[in-house]
Amino acid sequence: MKKLVLVTSPPACGKTFISKKLAKALTNCVYLDKDTLIVLSKQIFKVAGEEYNRSSDFFQREIRDYEYYAILDLAFDALDYNDTVLINAPFTDEIRNDDYLNSLRERLAEKSAQLCVVWIHTDIDVAHQRMIKRNSDRDVWKLEHWNEYIATQNFTKPENIPELYVFENSSDEDFKRSIDGAVKYIRG
């Protein structure tokens, strides 16, 4: 059975590290990272004369959803050529929206594919330290306005998703326990 795997969580919870490890462990898996589209987003900010701020109203209104449309279109095309496609992206709003998930499931059924959602659980303090450590320009505003930013993030496990696997990632020990379970879940 074909599978579309969404690796999701708020920023700096370990999505990229875990997604890459999962893609390698799954073998013959198409790996897609929504952050690859950031180069296009930066150009949109520049052309629009807007400050580069991925937490801004401009980003939410003019860019965010289109990044998701693009990465999902790539994933659906990839399902024509491979049985497992993994997307590394927050999907923080989408995985809490039953209508969105049902629509995604319907599109996947047309491809004879199933949805798998891997939610990465990381303590907020750990995510904060990881964001500082990665030192990325996409995080400047978030770190300078940490309290305002973190109030917009939901670190709780999404409910009512039967295809959900919770990947614990607040420590090296959590990671080691979760990686094998995630591979078994996706392949199962």
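The values are calculated or read from the model by the stated rules, or taken from the named source; none is laboratory data. As the structure is a computational prediction, the values presented were derived from the model and not from experiment. When we count neighbours, we look across all protein chains shown, and the Cβ atoms used for this are built from the backbone with ideal geometry, even at glycine.
See the values below:
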item: Candidate set: the stretch 146-158, residues that are in a loop (DSSP other than H, G, I, E, B) and either among the polar types (S, T, N, Q) or surrounded by 14 or more Cβ atoms within 10 Å (Cβ to Cβ) (or both); chosen: the one modelled with the highest pLDDT; result: Pro158
item: Any hit, the stretch 17-35, residues being at negative phi, surrounded by fewer than 15 Cβ atoms within 10 Å (Cβ to Cβ) and among the polar types (S, T, N, Q); result: no
item: Residues of the stretch 7-36 classified as under 13 Å from Val183 (Cα atoms), within 15 Å of the chain's Cα centre (by Cα) and not basic (Lys, Arg), total; result: 5
item: Condition met for Ile161 (surrounded by 13 or more Cβ atoms within 10 Å (Cβ to Cβ), out of contact with any Cys (no Cβ under 8 Å at 6 or more places or on another chain) and hydrophobic (A, V, I, L, M, F, W, C)); result: yes
item: Lone unmet requirement of (1) closer than 26 Å to Lys157 by Cα; (2) buried (at least 17 other Cβ atoms within 10 Å of the Cβ) for Phe45; result: (1)
item: Matching residues in the stretch 159-188 - criterion: being farther than 21 Å from Ser103 by Cα, touching a residue at least 60 places away in the same chain (Cβ under 8 Å) and in a loop (DSSP other than H, G, I, E, B); result: Asn169
item: Options Val183, Val166, Val140: the member that is farther than 20 Å from Ala75 by Cβ, out of contact with any strand residue (DSSP E or B) (no Cβ under 6 Å at 6 or more places or on another chain) and of a type in the set (Val, Ile, Thr); result: Val140
item: Subset tally (residues that are touching a residue at least 12 places away in the same chain (Cβ under 8 Å) and surrounded by 14 or more Cβ atoms within 10 Å (Cβ to Cβ)) for the stretch 125-144; result: 10
